[in-house]
Amino acid sequence: MNIHSLLVSRFKQALVEMQVSDASAPVTRSARPEFGDYQFNGAMALAKTLKQKPRDIAQQIVDHVKLDDVAEKLEIAGPGFINIHLNDVWLANQCELILHDPRMGVAAQSQQNVVVDYSSPNLAKEMHVGHLRTTIIGDAVVKVLEFLGHHVIRQNHMGDWGTQFGMLLAHLADKLQEEVAETALSDLEDFYREAKVRFDEEEGFADRAREYVVKLQSGDEQCMTLWKQFIDISITHSEEVYEKLNVSLTRDDIMGESAYNEDLANVVSELKEKGLAVEDQGAQVVFLPELADKEGNPAVYIVQKSGGGYLYATTDLAAMRYRSGKLNADRTLILTDARQALHFKQTEIVGRKAGFMKPEQSYEHCPFGMMLGSDGRPFKTRTGGTVKLVELLDEAVERASKLIAERNNELDENELNDVARKVGIGAVKYADLSKNRTTDYIFNWDTMLSFEGNTAPYLQYAYTRVKSIFRKAGIPSTALNGEIKLEQTQEHGLAVLLMQFEEVVNVVAKEATPHVLCTYLYDLASAFMSFYEACPILKDSVDDATRASRLALSALVASTLQQGLTLLGIDTLEKM
Ligand code: ARG
C-alpha cells in the first residue's frame, strides 16, 4: 500500500469536483505527530489563483475529499494546511494484509530497462577509497530497482584502455623476463609507481612506452597478450574487493572502455557529418553555446585530439549510443564523483544533438561528494598516500571484532568472525549510504561502529532485539495469525511508518538516494524502541489478543528492517 499516492489521488479527485483539476495535489509526511500523519498543502497556492482566502479553500477541499475510510479526522491548521490523521482500524487492516508478505506489500512497477554504470575503477591501479562510494551506492540503487521489478543492466565501465597502459605494458614486458605476471602485479600500486619512475627518469623508457601505445592501438598480438594479462589480474583484485563488500558485480557486468574502441572513429565521423564536430587547432571539437562562459565563449568539448587520439568523452558518447540502441535503456544512471558533473552534462547535450539516444530515454548523472579524513581533507593514509580499499575493509572487520568481543563473550570463534564481518563491513557501507550523497562526508571509525545513532550496528542490533522477543515468546513469527489493533500512540506511529516502506523505496529508485532508505530504517528502529518501552509484550499482565497484536507489529518491524538492510547490501544477524 502506498498511502502517499492514495492520498494524492483522493485529493486530485476532490480538485476535479471543485473544477480546478489542474491545481496540484501536494501531500507530504507531517513533520510532527500533532500535525497528523500526512499534510495536504495545496490550498494556499490554489487560493492565490482563485483569489480567495486559503482557509476557505482548505475547507472546500475538506468538504469534497473522500477519505472517510482512511482518515480519522482532517483538520485545517495555520494558513491553510490540511492535517490528515489516519484511522487506526484502517491502518491495522493494512498491516494485517502484509503480515506474511515478504515484499511488505510493495507492488512491482511497470518494468523499465535501467542501465546502472557504477564502480568503474581504473584498472591501471588498485581500487582505492575513491571507488567506495560509487560501488556501494550503485549496488544499493541496483538492488532497489530490481526489487521494484525493473530490468537492471549493470555496466562496470572499467578504465582498461588509454595511453597510461603503454608505460605499464613496457614495464610488464621487462618484469616478465624474470617472474610471472601474478607476482609482478601482486601490488598494482607499487607496480604503477615503478613504471612511472622509469617513465620520468630512465632514458629511452618513455619512447618505448609510446611505442607500446601505438602497438596496443593497432592490435599487435604480443602487446594484446600482455594487456589481457594485466587487465585480468587487475580485475581479480577488484573482485576481491567486491566479494568483501558483498557487492553484486560480476565479470559479466564489465563493459570497459576498451569495448568501445572500435566505435570511436564512427562516433567522430558521425559528429562531423552532422556538422556538430569541427576542426579546431587540429583537434575535433564540438562547441557548446548553451554552456558559454561569462564573455559568451562557448564551451569546447573535445572528441579527438590533434594527434588523432580519442578521449574519455568519445568513449562516453559511444557508450551512450550502445546503451540506447543495443541495451534499450529507458534510463541510464551513472555514478561518479561530483567533479565529473560538467563532463556528463556536456556529454548529454552533445549526445542528444547527435541523436545518440532517444528523447524519451533519460541520462542521469548521479554525483556524489568526497570521503574526507578527520582533518576535513580527502581521505589519505597517515603518510599521505591513497588508502587501498582492501586494507580499509580488513581494518573495519578487525575493529568490529574487538568491539563485539568486549560486548558479548558468549559467541564462539566462528560466530564472532561472522558477526565481526557483518558488522564491520555493514558499518563502512552504512556510514556512506546514510549520508546525502551529494555532500562530502568525514570518515570516522568511532561513529560508524557505534551502537547508538544512525549506524549499521544500531539497526543490526535493533533487528536482533526483535528476534530475541520471538525466541523468548517461543513462537516463530510465521505462526502469527495476526489480528492487529492499534491503541497506544506508539502503536499508531509504528504502523504508519511500516506502511511507508513502499513510498520510501520508490523515492530511492527515482532519485538514486539510498540515504532516504537509511533515514527511514533508523526512524523505524527508533519507533520500535519507544514502542517496546511503552507497550509491554511478554509480561504476564498483557492479555493474549494484545500480545498477539504487538507480536505481529514486531514481526513486521523485523521483516521491514531485514528487507531494507538487504536492499542496502547489509547483512542482518540473529544475535550479536
Ligand atoms: N573510470 C572512471 C573513474 O574512475 C569512472 C567511469 C564512470 N563511467 C563513465 N561512463 N564515464 O573516474
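Every number in this text was worked out from the coordinates using simple rules, so none of it is lab data. Predicted model only: the values in this text are computed from it and were never measured. Cβ atoms come from the backbone with ideal geometry, glycine included; neighbour counts cover every protein chain shown.
What does the net charge come to around Asn93 if you take all other residues with beta carbon closer than 12 Å to its beta carbon, with K and R at +1 and D and E at -1?
Working: positive: Lys485; negative: Asp69, Asp88, Glu96, Glu483.
Net of charged neighbours comes to -3.
Among 434-440, 347-353, how do they line up from the highest to the lowest mean number of other beta-carbon atoms within 10 Å? Intermediate values should be presented prior to the final figure.
Numbers: 434-440: 16.7, 347-353: 19.3.
Order by mean packing, descending: 347-353, 434-440.
Which of Tyr38, Tyr192 has the fewest other C-beta atoms within 10 Å, and how do the rest follow up to the most? Could the numbers behind the result be given before it?
Details: Tyr38 23, Tyr192 18.
Going from least to most buried by this count: Tyr192, Tyr38.
Please compute the net charge surrounding Tyr118, taking Lys and Arg as +1 and Asp and Glu as -1 over other residues with Cβ under 9 Å from its Cβ. Show your work: numbers first, answer last.
On the way: positive: Arg154; negative: Asp117, Asp139.
Around Tyr118, the surrounding residues sum to -1.
For helix 264-273, what angle does its Cα long axis make with the longest principal axis of the chain, in degrees from 0 to 90 and rounded to 10?
Taking Cα atoms only, the helix is inclined about 80 degrees.
Using the structure shown, select from Lys422/Lys472; Lys143/Lys485; Lys196/Lys429 the pairs with a Cα to Cα distance greater than 26 angstrom.
Details: Lys422/Lys472 24 Å; Lys143/Lys485 33 Å; Lys196/Lys429 33 Å.
Among Lys422/Lys472; Lys143/Lys485; Lys196/Lys429, the Cα-Cα distance tops 26 Å for Lys143/Lys485; Lys196/Lys429.
Taking every DSSP beta bridge with both residues inside the chain, roughly what % is antiparallel (nearest 5)? Write down the numbers at each step before the final one.
On the way: 24 of 44 bridges.
Antiparallel bridges: around 55 percent, rounded to the nearest 5.
On full extension of the chain, what length is gained from Val214 through Asn297, given 0.36 nm per residue of separation minus the C-alpha to C-alpha distance? Spell out each step's value before the answer.
Details: separation 83, 0.36 × 83 = 29.88 nm, distance 3.51 nm.
Result for the pair: 26.4 nm of gain on full extension.
If each residue of separation counts as 0.36 nm, what is the full-extension length gain between Asn417 and Val197 once their alpha-carbon separation is subtracted? List each step's numbers first, then the result.
Numbers: separation 220, 0.36 × 220 = 79.20 nm, distance 4.11 nm.
That works out to 75.1 nm of additional length.
If you split all Cα-Cα distances of the stretch 355-432 into 10 Å bins from zero, what percentages do you get per bin, shortest first?
Pair shares across the bins are 15, 32, 23, 17, 10, 4, 0.
Can you list the equivalent-ellipsoid semi-axes of the stretch 66-135, largest first and in whole Å, using the square root of 5 times each Cα gyration tensor eigenvalue?
Details: eigenvalues 409, 84, 33 Å².
Rounded to whole Å, the semi-axes are 45, 20, 13.
Based on alpha-carbon positions alone, could you give the equivalent ellipsoid semi-axes of the stretch 1-119 from the gyration tensor, as √(5λ), descending, whole Å?
29, 20, 14
For Ala545 and Lys73 in one chain, what is 0.36 nm times their gap in residues minus the Cα-Cα distance, to one decimal in nm? The partial results should precede the final answer.
Numbers: separation 472, 0.36 × 472 = 169.92 nm, distance 2.67 nm.
Length difference between fully extended and current span is 167.3 nm.
What is the dipole size for the chain, taken about its Cα centre, with +1 at each Lys and Arg Cβ and -1 at each Asp and Glu Cβ, in debye to the nearest 20? Don't skip to the end; give the middle numbers.
Details: 60 positive and 84 negative charges, 337 e Å.
Around 1620 debye, computed over the chain.
Quick check: the distance between the Cα centres of the stretch 514-576 and the stretch 170-240, to the nearest angstrom?
Cα centres, the stretch 514-576 to the stretch 170-240: 53 Å.
Please list 3J(HN,Hα) in residue order for the stretch 60-72, calculated via the Karplus relation 6.51 cos²θ - 1.76 cosθ + 1.60 where θ = phi - 60°; whole Hz, with x for glycine and proline.
Per-residue couplings from phi come out as 4, 5, 4, 5, 8, 6, 9, 9, 4, 6, 9, 10, 6 Hz.
Once all Cα-Cα distances of the stretch 125-189 are split into 10 Å bins that start at 0, what whole-number percent is in each one?
Result, from short to long distances: 16, 33, 25, 18, 8, 0 percent.
Rank-order 460-468, 444-452 by packing density, defined as the average count of other C-beta atoms within 10 Å over each peptide's residues, highest first. Kindly include the intermediate steps, with their values, before the conclusion.
Numbers: 460-468: 20.1, 444-452: 15.0.
Result, highest mean Cβ count within 10 Å first: 460-468, 444-452.
Taking only the alpha-carbon atoms of the stretch 447-576, what semi-axes of the equivalent ellipsoid follow from 5 times the gyration tensor eigenvalues under a square root, in whole Å, largest first? Don't jump to the answer; show the numbers that get you there.
Numbers: eigenvalues 125, 54, 34 Å².
After diagonalising the Cα gyration tensor, the semi-axes are 25, 16, 13 Å.
Counting other beta carbons within 10 Å of each Cβ, put Met44, Met1 in order, fewest first.
Details: Met44 15, Met1 22.
If I rank by nearby Cβ atoms, fewest first, I get Met44, Met1.
Could you tell me what fraction of 2.2 N^0.38 Å the Cα radius of gyration of the chain comes to, as a two-decimal ratio? Spell out each step's value before the answer.
On the way: Rg = 28.2 Å, N = 576, 2.2 N^0.38 = 24.6 Å.
That works out to 1.14 for the chain.
Take the Cα of Lys345, step 7 Å along the line toward its Cβ, and report every residue of the stretch 83-118 whose backbone nitrogen sits under 16 Å from that point.
none
If each DSSP helix of 4+ residues adds -39,500 (n - 2.57) and the sum is divided by the residues in the chain, what number results at 222 nm, nearest 500 deg cm²/dmol? Walk me through the numbers on the way to the answer.
Details: 21 runs with 295 residues, N = 576.
Result for the chain: -16500 deg cm²/dmol, rounded to the nearest 500.
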